[in-house]
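The block underneath contains the structure these notes are about, expressed in structure tokens.
The values are calculated or read from the model by the stated rules, or taken from the named source; none is laboratory data. Model, not experiment: these values are computed from the prediction. Note that each Cβ is placed from the backbone with ideal geometry, even for glycine, and that neighbours are counted across all protein chains shown.
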Amino acid sequence: MKKENLKQYIYGIADNVLILGQRLSELCGHGPSLETDIACTNIALDLLGQTRSYYQYVAQLFDEDKTEDDIAFLRTERQYKNVLLVEQPNTHFGYVIVRQFFFDVFHLQLLQQLQNSTDETLSAIAKKAIKEVSYHKRFSSDWIKRLGDGTEESHQKVQEAVNDLWRFTDELFHMTEDDIATLESGVGIDVRVLKDKYYQQVKEILQEATLDIPETSWFQKGGKQGIHSEHMGYLLSDLQYMQRTYPDMKW
Amino acid sequence: MSEKEVKNLEEIFEQRIARDEKIEPKDWMPEKYRKTHIRQISQHAHSEIVGMLPEGNWITRAPSLRRKVALLAKVQDEAGHGLYLYSACETLGVSRDELYEQLHSGKAKYSSIFNYPTITWADIGAIGWLVDGAAIINQVPLCSTSYGPYARAMIRVCKEESFHQRQGFEIMMTLAKGTPEQKAMAQDALNRWWWPSLMMLGPTDAESVHTAQSMKWKLKRKTNDELRQQFIDQTVPQAELIGLTIPDEDLKWNEEKGGYDFGEIDWDEFWQVVKGHGPCNKERLSARVNAWEKGEWVRDAAMAYAKKQEDKKLREAI
């Protein structure tokens, strides 16, 4: 494993939580109820907290003069390695919940493996994050059930989101070159082995929510290689606005 | 109840307040006390949730991860304040939905300060420092107000607000110590937020219609003008400390009164904003209405699901 492999591997994990945290923070103050607003903000806070731990670690490992903010705000679009799923827009609350649910189920499995990493820092971050993400998964699963088995309208809306976002789930289990290199050295984990359990868990909850499992066999990919959807550029122009407009300043 | 009995109850009630006893939801209270409290507590709750909007405007664009997380947490605190203030208000026999209805129809007011736009990052610092600063001065006396649920809610609110105020001041201090561009951004924000912050302490005593009654019920301990003086005296040295200039040519220390003299407040502007003609009145209200209307199907689903679960439990029990 080269150092660059490890850096890219951490980006692959950390960029997911940064971008999803950014998406969730767009909602703050605009949710369907105060309670859901508070819960979504909580999740965003957890995810951004995790982001900071990962980026601080990368900064410390590789570039003494770089900070977590340089990593978060000053890369170009192709350098972000998050999956396509997390950058998808907040089309409506159904999309917010389904995106969260599809990610949470994966995220928890990933962290449960990552806590056994031979890299002590990654293992420690994972251990701390497991507690937070278990809550996220409970929150999103509960809402999948509420929306799926709530009213006719909510059923329809959440089914629409499930159908639309399903095509982004397969990418979660793709291995990049960096994933393979870090796996071989015991630092990284093999996401391929999580796949069966993932779909089993997702399907169980969807069925309980009286939702149909989509039958698509065509999936989207690219985020892990930094080839993102058109949504990503707009998300980054918000995210990076201050750092780009006022370079090299302390805030 | 005869008129005499009511009069008697009122007397006992006023005596309890004079003895600093707390009035609790199940206690007898004059109708006017109940109505005044519903008005004030709900206005306060509405201000918290409308106040989430101008600051929420900068969460996605915050300049660093640390600031982003702090701002998110702050706006979340405001949602929390809204939540327990609505709960305190509900103890007076009004539902949260009714209160929302009053906000959305324009019948209920919220703090006018949130009708000003946040156009630069420095505005986030200025809001924390000045707006939360003025809010604390308004709110600290409420921790010992006569209505129990309100007083208890305010104790928690005030603790968090003073944290927000320090955080806002720290943003301003960082900017003021930064590059010339950053310092200019901070000064510009102070210029725009200073006067509206002074207006937050309410109309001058001569114009204030509720003061006398509110003093009696300990909804107020000091008059608007006293509070305003306190705010100015506290804030001017803070601005000096970080090298920013208060945008008031008439501002001058008055040795005799032991406080600052200050220029005339543009009360026309204040009343225009109260009447709905501020720069963002329309945007704030429509953001709230929009969130509420767009969220209806979600709330309906949650209710329907809860009912189904309850019915299921009942069936299983039979």
Residue B:139: polar (S, T, N, Q), at pLDDT 95 or above and surrounded by fewer than 20 Cβ atoms within 10 Å (Cβ to Cβ), yes or no? no
On the given criteria, is residue B:174 polar (S, T, N, Q) and buried (at least 21 other Cβ atoms within 10 Å of the Cβ)? no
Output for segment A:15-33, where each listed residue is facing chain B (nearest Cβ under 7 Å) and either touching a residue at least 24 places away in the same chain (Cβ under 8 Å) or surrounded by fewer than 22 Cβ atoms within 10 Å (Cβ to Cβ) (or both): A:22, A:26, A:30, A:31, A:32, A:33
Give segment B:118-147 a look and list any residue that's within 13 Å of the chain's Cα centre (by Cα) and either of a type outside the set (A, V, I, L, M, F, W, C) or under 30 Å from residue A:244 (Cβ atoms) (or both), or say none. B:127, B:128, B:130, B:131, B:132, B:133, B:138, B:139
Pairs under 7 Å by beta carbon, first residue on the phi > 0 side of the Ramachandran plot in segment B:6-17, partner among the hydrophobic types (A, V, I, L, M, F, W, C) and surrounded by 15 or more Cβ atoms within 10 Å (Cβ to Cβ), six or more apart or different chains? none
Provide a single number: the residues in segment A:77-125 that are of a type in the set (Val, Ile, Thr), surrounded by fewer than 21 Cβ atoms within 10 Å (Cβ to Cβ) and within 23 Å of residue A:56 (Cα to Cα). 2
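A quick yes/no check of all residues on (1) modelled with pLDDT of 95 or more; (2) surrounded by 14 or more Cβ atoms within 10 Å (Cβ to Cβ); (3) within 14 Å of chain A (Cβ to nearest Cβ):
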{"residue": "B:247", "(1), (2), (3)": "yes, yes, no"}
{"residue": "B:253", "(1), (2), (3)": "yes, no, no"}
{"residue": "B:258", "(1), (2), (3)": "yes, no, no"}
{"residue": "B:264", "(1), (2), (3)": "yes, no, no"}
{"residue": "B:267", "(1), (2), (3)": "yes, no, no"}
{"residue": "B:280", "(1), (2), (3)": "yes, yes, yes"}
{"residue": "B:289", "(1), (2), (3)": "yes, yes, yes"}
Anything in segment A:60-99 that is under 17 Å from residue A:167 (Cβ atoms), touching a Leu at 6+ places or on another chain (Cβ under 9 Å) and more than 14 Å from chain B (Cβ to nearest Cβ)? List them, or say none. A:82, A:83, A:85, A:86, A:88, A:99
Scope segment A:179-209; condition within 18 Å of the chain's Cα centre (by Cα), among the hydrophobic types (A, V, I, L, M, F, W, C) and part of a helix (DSSP H, G or I); matching residues: A:191, A:194, A:202
Quick check on segment B:177-187: of everything there that is surrounded by fewer than 19 Cβ atoms within 10 Å (Cβ to Cβ) and either aliphatic (A, V, I, L, M) or outside any helix (DSSP H, G or I) (or both), which residue is farthest from the chain's Cα centre (by Cα)? B:179
Being more than 14 Å from chain B (Cβ to nearest Cβ) and among the polar types (S, T, N, Q) is the filter; apply it to segment A:217-245 and report the residue that is nearest to residue B:185 (Cα to Cα). A:229
Yes/no for residue A:248 being without any contact (Cβ under 8 Å) to a residue 40 or more places away in the chain and either away from every other protein chain (no Cβ under 14 Å) or closer than 16 Å to residue A:70 by Cβ (or both): yes
Residue B:150 fails exactly one of the following numbered conditions: (1) surrounded by fewer than 22 Cβ atoms within 10 Å (Cβ to Cβ); (2) more than 30 Å from residue B:176 (Cβ to Cβ); (3) more than 12 Å from the chain's Cα centre (by Cα). What is the number of that condition? (1)
